[in-house]
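The values are calculated or read from the model by the stated rules, or taken from the named source; none is laboratory data. Predicted model, so just to flag it, every value in this text is computed and none were measured. Here the Cβ positions follow ideal geometry from the backbone for every residue, glycine too, while neighbour counts run over all protein chains shown.
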Amino acid sequence: MRSSIGVVMILCSLLVIQFGCSPDAPHDNPLDPGSPNYRNAGNLTGMVLTLSYPYSGIPNALVTIRQNGSAQLTTSDGSFAFTDAPAGSLSVIVSKPSYMSDTLNFTLPVGGSYDATLHLDALPVVTNPQVVTTKIDQWWPGPVYYATVTANVMDPDGIGDIVDSTVKVQVDSLSFLMNYSGGSGTFQATINATQLPGQDLQWLVGKGVFVEARDRENGSTIQGPFYVSRIIESEPTTTYPANSDTTSASPRFEWSPPPVSFNYTYSLQVFLVNAGTPSEVGNPIILGPDSVAYSYPDSLAPGQYFWTIGITDSYGNSSRSKEAAFIVP
């Protein structure tokens with residue numbers, strides 16, 4: 001009995017020695033962390049496209065893997081490819097000037113692939129911002145001053161991305177909504193002197209004016225500063241007809257030039273007064289700075305009228321005379 005037990009013990013010892021000294025099993029699977037071919041990485045490919053349909057690729061967008069800082073620019077069709085991206089939870093950040101950045105979070109399996117699609121919101125584009133001032137002199141209740149701010153606002157994702165959102169003028173701590181006036185993406189705001197501190201348009205002088213456009217994705221662009229170039233306080237003086245003078249159907253309008261030294265053009269306007277309501281007759285007549293008189297080329301119907309003469313400088317600022325009444329019998 002004892003000899004049998006001894007034989008078994010000897011056999012067990014031999015087995016332990018045999019298996020303990022045998023080489024490890026081969027690690028040929030590249031997904032096995034023990035394999036010399038193991039790569040804790042995968043393939044990451046993708047496209048960076050515009051926000052709106054029909055989608056198109058965005059070239060030269062910067063694609064960055066946050067975990068290891070690897071980065072590359074998209075090709076001409078908006079594509080990118082990382083052949084050795086780190087496996088696991090990843091964050092990919094895509095950015096480009098004039099676009100809102102975007103981030104995509106996902107998991108890249110070891111030795112696997114992930115194909116990403118990202119859409120970037122193009123920021124609004126603000127061009128040709130300007131501010132011009134206007135003074136309209138009148139007998140009652142007195143002169144009116146206001147500034148007009150205009151800008152062209154477009155969006156590569158379509159003007160519809162802008163119209164439903166906010167475009168506004170910012171001056172110091174004040175903000176004024178700009179309205180879409182149609183055609184070529186033009187927005188406009190009128191700032192009356194009564195809306196400004198001291199109810200004085202002079203408050204705008206020297207202050208930076210900004211236009212901010214914000215789209216429906218909350219991407220914004222601010223353009224500025226730009227400034228008031230001039231407030232014209234002087235205007236031409238009407239001399240004839242005036243004070244309800246009776247004239248022919250084709251009157252000769254006469255005026256004195258304003259005491260200013262900058263370049264300007266004249267704008268002459270004629271209004272028919274019907275039951276106390278004025279309506280302009282024809283379009284404003286633009287005249288050169290050397291003019292001091294103008295003979296109306298058409299025949300005016302009998303009635304009560306008034307006319308005005310204004311000037312506009314090379315920046316678009318203007319100033320207009322008081323109304324001069326006359327009668328065509």
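Values computed for the structure shown
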| item | result |
| --- | --- |
| Residues of the stretch 98-111 that turn out to be under 26 Å from the mean Cα position of the chain (by Cα) and not in a strand (DSSP E or B), as a count | 3 |
| Scope the stretch 167-226; condition under 13 Å from the mean Cα position of the chain (by Cα) and of a type in the set (A, V, I, L, M); matching residues | V167, V169, M178, V211, A213, I222 |
| Identity of the residue in the stretch 159-190, at pLDDT below 90 and of a type in the set (D, E, K, R), that ends up surrounded by the fewest Cβ atoms within 10 Å (Cβ to Cβ) | D164 |
| Test for T238: is it under 25 Å from the mean Cα position of the chain (by Cα) and either surrounded by 13 or more Cβ atoms within 10 Å (Cβ to Cβ) or modelled with pLDDT of 95 or more (or both) | no |
| One residue from S279, S244, S256 being over 39 Å from the mean Cα position of the chain (by Cα) and under 15 Å from P302 (Cα atoms) | S244 |
| Residue count, the stretch 142-179 (criterion: part of a strand (DSSP E or B), of a type outside the set (F, W, Y) and in contact (Cβ under 8 Å) with a residue 40 or more places away in the chain) | 11 |
| Output for the stretch 37-55, where each listed residue is outside any strand (DSSP E or B) and surrounded by 15 or more Cβ atoms within 10 Å (Cβ to Cβ) | Y38, L51, S52 |
| Test: residue in the stretch 142-152 that is in contact with an Asp or Glu (Cβ under 9 Å, 6 or more places away or on another chain), over 30 Å from G42 (Cβ atoms) and hydrophobic (A, V, I, L, M, F, W, C) | yes |
| Of all residues in the stretch 125-149 being polar (S, T, N, Q) and buried (at least 20 other Cβ atoms within 10 Å of the Cβ), the one that is nearest to the chain's Cα centre (by Cα) | T133 |
| Selection status of Y114, aromatic (F, W, Y), under 27 Å from the mean Cα position of the chain (by Cα) and either outside any loop (DSSP other than H, G, I, E, B) or at pLDDT 95 or above (or both) | no |
| Y38 being under 29 Å from I162 (Cβ atoms), modelled with pLDDT under 95 and aromatic (F, W, Y) | no |
| Of the criteria (1) in the same structural domain as G206 (by TED's automatic domain parsing); (2) under 30 Å from V48 (Cβ atoms), which one K96 fails | (1) |
| Residues that are assigned to a loop (DSSP other than H, G, I, E, B) and among the β-branched types (V, I, T), drawn from the stretch 278-314 | V281, V292 |
| Of all residues in the stretch 98-124 being in contact (Cβ under 8 Å) with a residue 40 or more places away in the chain and over 20 Å from G78 (Cβ atoms), the one that is surrounded by the fewest Cβ atoms within 10 Å (Cβ to Cβ) | P109 |
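Every residue, every condition in (1) free of Cβ contacts under 8 Å to residues at least 12 places away in the same chain; (2) assigned to a loop (DSSP other than H, G, I, E, B); (3) within 23 Å of I311 (Cα to Cα), yes or no:
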{"residue": "I191", "(1), (2), (3)": "no, no, yes"}
{"residue": "Q202", "(1), (2), (3)": "no, no, yes"}
{"residue": "V211", "(1), (2), (3)": "no, no, no"}
{"residue": "Q223", "(1), (2), (3)": "no, no, no"}
{"residue": "I232", "(1), (2), (3)": "no, yes, yes"}
{"residue": "T239", "(1), (2), (3)": "no, no, yes"}
{"residue": "F253", "(1), (2), (3)": "no, no, yes"}
{"residue": "P259", "(1), (2), (3)": "no, yes, yes"}
{"residue": "V270", "(1), (2), (3)": "no, no, yes"}
